[in-house]
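One structure is given here, and the rest of the page talks about it.
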Amino acid sequence: MKFDLKGSIVALITPFHEDGSVNFEKLHELLEWHVANHTDGILVLGTTGESSTMTHEEDDAVVEFTLQTINKRIPVIVGSGSNCTQTAVEKSLKYEEMGADALLVISPYYNKANASGMIQHFLSVADAVHTPIIMYNIPGRTGCSISEEAVAVLSKHEHICGIKEASGNIAYATNIARYLNDDFRMYSGNDDMIVPLLSLGASGVISVLANVMPQETHDMVMAYLHHDVDTALRIQLDNLDLIHALFIEVNPIPVKEALNLMGKQVGGYRLPLCEMTEEHKEVLAAKMKEKALC
């Protein structure tokens, strides 16, 4: 199944009110800001969106609101994964019915499935839906990786259209790049490795950086895809210090702090996430000021 999305896909934060409830007015502002700044796709309910501490009802409301607001102007990808295969199937079917353009399905965290279980997990979801699926490999979060052998098998399924590769392991990315084609794409899941993965044939990035620099992240990817490697590399290297600062504590704590520094007023976090240390806030603020973002 072809899912021809190239460019910068923002791994969107979920804005909260002071009482911790979802701030839909602010979500609307962020969505419109991304469209205006040429973000190529929106991901909701990802790691950056704090879906792990949101209720199913809140998840559904965020998806419905995002789909209605975007109204097919750019693709909307919805995180529908779970460590429980049946739950992932149910969520994927629900978001397919709601109109998601694609689904992001994470490897089954905590369970640490063996190779066979990993393959069956993704096949169960892919067999149940008709919406394109992007697998999500982030072993630093899940405790397990989607093996190269599993990618070789799963990349052939007609509903599995790609992989978000966030291991930070360039050797792994190189190995799975052998399976890329028009029907199976790779997206960088690490903002400090966008250009390296593009050089391996990736189609873009699912980005935390795009939350604060949407136009620049789009420009970086598009420059590379239009064969202007020098410009893409310059943008990548020029923003490395800010990228590192955005991960000075666990994501999405720094990026929400960064948006608040920009005056976006996206609110705080839900436990167990909490405020950054003052030392880290100072580092982040300094890097934001260097980029004239605050």
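The base-10 log of I(q)/I(0) for region 38-95, evaluated at q = 0.16, 0.24, 0.27, 0.30 Å⁻¹, reads -0.49, -1.02, -1.21, -1.36 [Debye formula, identical scatterers on Cα atoms, solvent excluded].
What is the percent carbon and sulfur in the accessible area of region 7-232, measuring with a 1.4 Å probe over the protein chains and ignoring ligands?
Numbers: 4230 of 8630 Å².
Carbon and sulfur together cover 49 percent of it.
Given a 1.4 Å probe and the protein chains as shown, D241 ends up with an accessible area of around 90 Å². Ligands, DNA and RNA are left out, and with a 1.4 angstrom probe the accessible area of region 166-294 is 43 Å² per residue.
Convex hull volume per residue, computed on the Cα atoms of the chain, equals 117 Å³.
Under the √(5λ) rule applied to the eigenvalues of the Cα gyration tensor, what semi-axes describe the equivalent ellipsoid of region 1-134? Give them in Å, descending.
Here the semi-axes work out to 25, 18, 12 Å.
Region 224-294 and region 117-187 have Cα centres spaced 27 Å apart. Solvent exposure of region 106-153 amounts to 43 Å² per residue of accessible area, where only protein heavy atoms count and the probe is 1.4 Å. Between A61 and V250, the simple label model (points 7 Å from Cα in the Cβ direction) yields a spacing of 2.5 nm. Take each complete run of DSSP H in the chain, measure how far its Cα atoms stretch along the helix's own axis, and keep only those covering 15 Å or more with mean Kyte-Doolittle hydropathy at least 0.0; list them. Qualifying helices: 115-128. Distance between the modelled labels on E282 and L261, one decimal in nanometres: 1.3 nm (7 Å Cα→Cβ projection). Scaled to the globular estimate 2.2 N^0.38 Å, the Cα spread of region 91-240, given as radius of gyration, is 1.05.
A 1.4 Å probe over all protein chains sorts R185, R234, R178 by accessible area into R178, R234, R185, starting with the largest. The value of relative contact order for region 1-160, using C-alpha pairs under 8 Å at least six residues apart, is 19 percent. Packing here is the average count of other Cβ atoms within 10 Å per residue, and on that basis the peptides 68-80, 41-53, highest first, run 41-53, 68-80. Each Cα pair under 8 Å and six or more residues apart adds its sequence gap; the mean of these over the residue count of the chain is a relative contact order of 19 percent.
The values are calculated or read from the model by the stated rules, or taken from the named source; none is laboratory data. The shown structure was predicted, so the numbers you read here are calculated from the model rather than taken from an experiment. Here Cβ is always computed from backbone atoms with ideal geometry, including for glycine, and neighbour counts include all displayed protein chains. For the accessible areas, the whole protein counts, side chains as well, though only heavy atoms, and no ligand, DNA or RNA atoms are used. Shrake-Rupley method; radii C 1.70, N 1.55, O 1.52, S 1.80 Å.
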